[in-house]
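S.K.: Have a look at this one.
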C-alpha cells in the first residue's frame, strides 16, 4: 500500500510510547482485504497485531475506489473473505480493549463526563465519559458532571465493556 515505513519502525515506536507512557491507550487503524492480501499475509498481520501492546483496532474493510492503483493489484480478495477477516480483527480488537481496561482497574484517573445519557436498558440513569487515556467510563447520571472533569477510581468493567468508577474527589476547578 505504498507505506513509507516498515513494521519494525512501527513496533519500535509503539514500544517507545509504552515505555514513556505505560498507561497510554493506543488505537490502530487497519485496512483488511486490500488487493494482494493473501490468507498468509492476513495471518501475519493478525499475529503482528496480536503481539503488539495496542489497546484496540479501528478495522476498515477495503472497498474499491475508481482511478486508484489498487485496482491493478492481484489477487483481489473476495467480499466474503474481506467480511470474515474484518470479523476476526474486530474480535481481536474486543479482546485487546478488554485486556487494556482490565489493566486499568484500581487506578485513579480523571474523567471528562459527556452530556449523553448512556443507552440501553441496563445503563438507564447512567452517563459516560473518558479518562485522560481514553478509557470509556460509566457513572450514575448527574447533570452537574456534564462537561466537567472529576478524579475517580476505576473499579471494574460492566457487561457492556465500560469501566465502572467511584468518585474520589471533587469536581476539578470547583
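Computed from the coordinates by the stated procedures, all read-outs in this text should not be read as laboratory data. Keep in mind the model is a prediction, meaning the values are calculated, not measured. Note: ideal-geometry Cβ built from the backbone for every residue, glycine included; neighbour counts use all protein chains shown.
S.K.: Compute the angle between helix 39-51 and the longest alpha-carbon principal axis of the chain, please, reported from 0 to 90 degrees and rounded to the nearest 10.
M.R.: 30 degrees
S.K.: I'd like the orientation of helix 7-20 relative to the chain: the angle between its Cα long axis and the longest Cα principal axis, in ° from 0 to 90, rounded to 10.
M.R.: 10 degrees
S.K.: Once you've got the GNM for the chain with C-alpha springs shorter than 10 Å, pick whichever of 151, 35, 75 has the biggest mean-square fluctuation.
M.R.: 75
S.K.: On to the next question. Between residue 17 and residue 108, how high is the FRET efficiency from 1/(1 + (r/R0)^6) when r is the Cβ-Cβ distance and R₀ = 30 Å? Nearest 0.05.
M.R.: Efficiency for this residue pair is about 0.90.
S.K.: What's the FRET efficiency of residue 124 with residue 38 using the Cβ-Cβ distance as r and R₀ = 35 Å, to the nearest 0.05?
M.R.: Given R0 = 35 Å and the Cβ-Cβ separation, E is 0.15.
S.K.: Neighbouring Cβ atoms within 10 Å as the yardstick, rank 163, 127 fewest first.
M.R.: Neighbour counts put them in this order, fewest first: 127, 163.
S.K.: Can you tell me what share of the DSSP beta bridges in the chain is antiparallel? A percent to the nearest 5 is fine.
M.R.: Antiparallel bridges make up about 70 percent of those DSSP assigns within the chain.
S.K.: Grab the DSSP H runs of the chain that are 4 residues or longer, score each as -39,500 (n - 2.57), total them, divide by all residues and round the 222 nm result to the nearest 500 deg cm²/dmol.
M.R.: Estimated from H runs of four or more residues: -10500 deg cm²/dmol.
S.K.: Moving to a separate point now. Out of these labelled values of semi-axes √(5λ) of the Cα gyration tensor in Å, [x] 27, 16, 15; [y] 32, 15, 12; [z] 37, 19, 14, which was calculated from the coordinates shown here?
M.R.: So the structure-derived entry is [z].
S.K.: For 113, 60, 42, which order do you get if you count the other beta carbons within 10 Å of each Cβ and list the fewest first?
M.R.: Ranked by crowding around the Cβ, least crowded first: 60, 42, 113.
S.K.: Here's another thing I want to ask about it. By how many degrees, 0 to 90 and rounded to 10, does the Cα axis of helix 79-104 deviate from the longest principal axis of the chain?
M.R.: 30 degrees
S.K.: Additional query: Could you put 56, 10, 141 in order, starting from the residue whose Cβ has the fewest other Cβ atoms within 10 Å?
M.R.: Final ranking by Cβ density, sparse to dense: 10, 141, 56.
S.K.: Oh, and also: Can you compute the FRET efficiency between residue 48 and residue 147 using 1/(1 + (r/R0)^6), with r the Cβ-Cβ distance and R0 = 41 Å? Round to the nearest 0.05.
M.R.: Using R0 = 41 Å, I get an efficiency of 0.60.
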